[in-house]
Amino acid sequence: MEPDAHVASPDRDPSETDTAAIELTVVMPCLNEADTLAICIDKAHRAMKAHGLVGEVLVADNGSTDGSIEIAEARGARVVAVAAKGYGNALMGGIEAARGRFIIMGDADDSYDFLELPKFVDKLREGFDLVQGCRLPSGGGVVLPGAMPRLHRWWGNPMFSAMVRLMFQAPIHDVYCGLRGFTRELYDRLHLRSTGMEFATEMIIKSSLFGVKIAEVPTTLHPDGRKAHAPHLRTFRDGWRTLRFFLMCSPRWLFFIPGVGLCAFGALGYALGMPGVKLWGATLDAHTLLASSLSILLGFQLLQFGVFAKTFATTEGLIPEDPRFSRWLNTMHLERGIVVGAVAFLAGTGLLLAAVGQWYAAGFGNLEYAITMRWVIPGVTLAALGFQTVFSSFFVGILRMGRKT
């Protein structure tokens, strides 16, 4: 490779480059990528030279033993050793050491064409904070034959990309594309925590939640060029990890929506069961009330978990503050929560005492089951809901105290 004034080269120590002048750092995570690392580095250098970009290539090595480190240094890249294992750890270590105000990350398996770097830089210069590559045709990308397993291309990736658009309003069509650019300011702001493959999706989700400017550029995916070992991805394991991470980042979809659904189902059961409505030849009676109470209790617990999770995530800065949620919390403060819970608990206790009164009037003998249960089941349900409300109000108050930073 021919040395160039804009790019760190084998003939010049990277420390000689004016750090303040570096616009771009290309970060490549690496774990035994000797088959393809050299060509990836060379393409990145060629792209920067051809477009006059002042930049560097940084290889974040995660413990390679196949000569990758020596290859990277010989091709003019700066190598940063990252001891903590994991895709996310490798990238975080590399990004922390990056000198550029723009950072582009991409895998070193020759599946991404680093000659495409300039179009990412152009979007970053336009003012976008995150520029996501898209390999899928839905976003203008191209997947070359043999470059992506059919299950990933036609089901997994489109499904999870649709989910990230629905759940987080992220304007992207390829959630798994590892070739992306972002500003150093955005990275420092996001405080990413994922140490594994979820790192890439966490960046997209948080960027969308915090309302940053996101652009998408089409890219071409090439077949993996490695011969010494198979790809690191595992279809079903990584798919589950993605779904799990999506749900953990969205209290709304994990807790609130199912909770509201269960409570609504239980309320419907009460509306039909209390008067003993006959539906399709079946009489909805006390058993319906019992099942409906279970639905309401489970739904209410999910809603509580949602409040806990969102309060914690907001307090810790994991997600931005939701003005509507904050107004609701300010309205339903600790003291008001205690009052509401106490009223519900006393109302439930009153229904139970009324049932005891009926038992007393019958000389503590047998009671008419269908009538008595219409007092006992709502009483137990209200008492349980009130009890939970009182103590969950205290817990939310504790979570809102935050911590000193």
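Couple of notes before you dig in:
- Q301 within 21 Å of L254 (Cβ to Cβ), of a type outside the set (K, R), in contact (Cβ under 8 Å) with a residue 40 or more places away in the chain and open to solvent by 50 Å² or more (accessible area, probe 1.4 Å): yes
- Answer from L91, L117, L151 - the residue that is assigned to a helix (DSSP H, G or I) and surrounded by fewer than 23 Cβ atoms within 10 Å (Cβ to Cβ): L151
- Residues located in the range 170-196, provided they are out of contact with any helix residue (DSSP H, G or I) (no Cβ under 6 Å at 6 or more places or on another chain), open to solvent by 40 Å² or more (accessible area, probe 1.4 Å) and within 20 Å of V217 (Cα to Cα): P171, R184
- Note on the range 266-371: enclosed helices (runs of 4 or more DSSP H) holding 2 or more residues that are of a type in the set (S, T, N, Q) and out of contact with any Leu (no Cβ under 9 Å at 6 or more places or on another chain) are 286-315, 323-331.
- Restricting attention to the range 106-154, the residues that are among the aliphatic types (A, V, I, L, M), under 24 Å from the mean Cα position of the chain (by Cα) and over 24 Å from L186 (Cβ atoms) add up to 2.
- Criterion (modelled with pLDDT under 95, in contact with a strand residue (DSSP E or B) (Cβ under 7 Å, 6 or more places away or on another chain) and farther than 19 Å from L124 by Cα) met by exactly one of A77, A8, A81: A8
- Considering only residues in the range 100-140 that are touching a strand residue (DSSP E or B) at 6+ places or on another chain (Cβ under 9 Å) and among the polar types (S, T, N, Q), the one that is nearest to R165 (Cα to Cα) turns out to be Q132.
- Tabulated pairs, the range 334-361, first on the phi > 0 side of the Ramachandran plot, second of a type in the set (A, V, I, L, M, F, W, C), C-beta under 8 angstrom, 6+ apart or interchain: none
- Top-ranked residue of the range 319-341 - restricted to ones that are open to solvent by 40 Å² or more (accessible area, probe 1.4 Å) and among the hydrophobic types (A, V, I, L, M, F, W, C), ranked as nearest to the chain's Cα centre (by Cα): W328
- Selected residue (criterion: farthest from the chain's Cα centre (by Cα)) from residues of the range 173-192 that are more than 17 Å from L209 (Cβ to Cβ) and either in a loop (DSSP other than H, G, I, E, B) or free of Cβ contacts under 8 Å to residues at least 12 places away in the same chain (or both): L179
- Being of a type outside the set (S, T, Y), assigned to a helix (DSSP H, G or I) and free of Cβ contacts under 8 Å to residues at least 12 places away in the same chain is a property that holds for I257.
- For the range 173-184, the criterion of being in contact with a Phe, Trp or Tyr (Cβ under 8 Å, 6 or more places away or on another chain) and of a type in the set (S, T, N, Q) is satisfied by at least one residue.
- Members of the range 44-65 that are assigned to a helix (DSSP H, G or I), open to solvent by less than 30 Å² (accessible area, probe 1.4 Å) and in contact (Cβ under 8 Å) with a residue 60 or more places away in the chain: A44, A47, M48
- Scanning the range 127-148 for residues that are crowded, with 19+ Cβ neighbours inside 10 Å, at pLDDT 95 or above and not in a loop (DSSP other than H, G, I, E, B) yields a count of 6.
- From the options E70, E33, E96, residue that is buried (at least 21 other Cβ atoms within 10 Å of the Cβ) and either in a helix (DSSP H, G or I) or acidic (D, E) (or both): E33
The values are calculated or read from the model by the stated rules, or taken from the named source; none is laboratory data. Fair warning: this is a prediction, and the values are worked out from it, not measured in the lab. Note: ideal-geometry Cβ built from the backbone for every residue, glycine included; neighbour counts use all protein chains shown. The accessibility values were calculated without ligands, DNA or RNA, using every heavy atom of the protein model including side chains. Shrake-Rupley method; radii C 1.70, N 1.55, O 1.52, S 1.80 Å.
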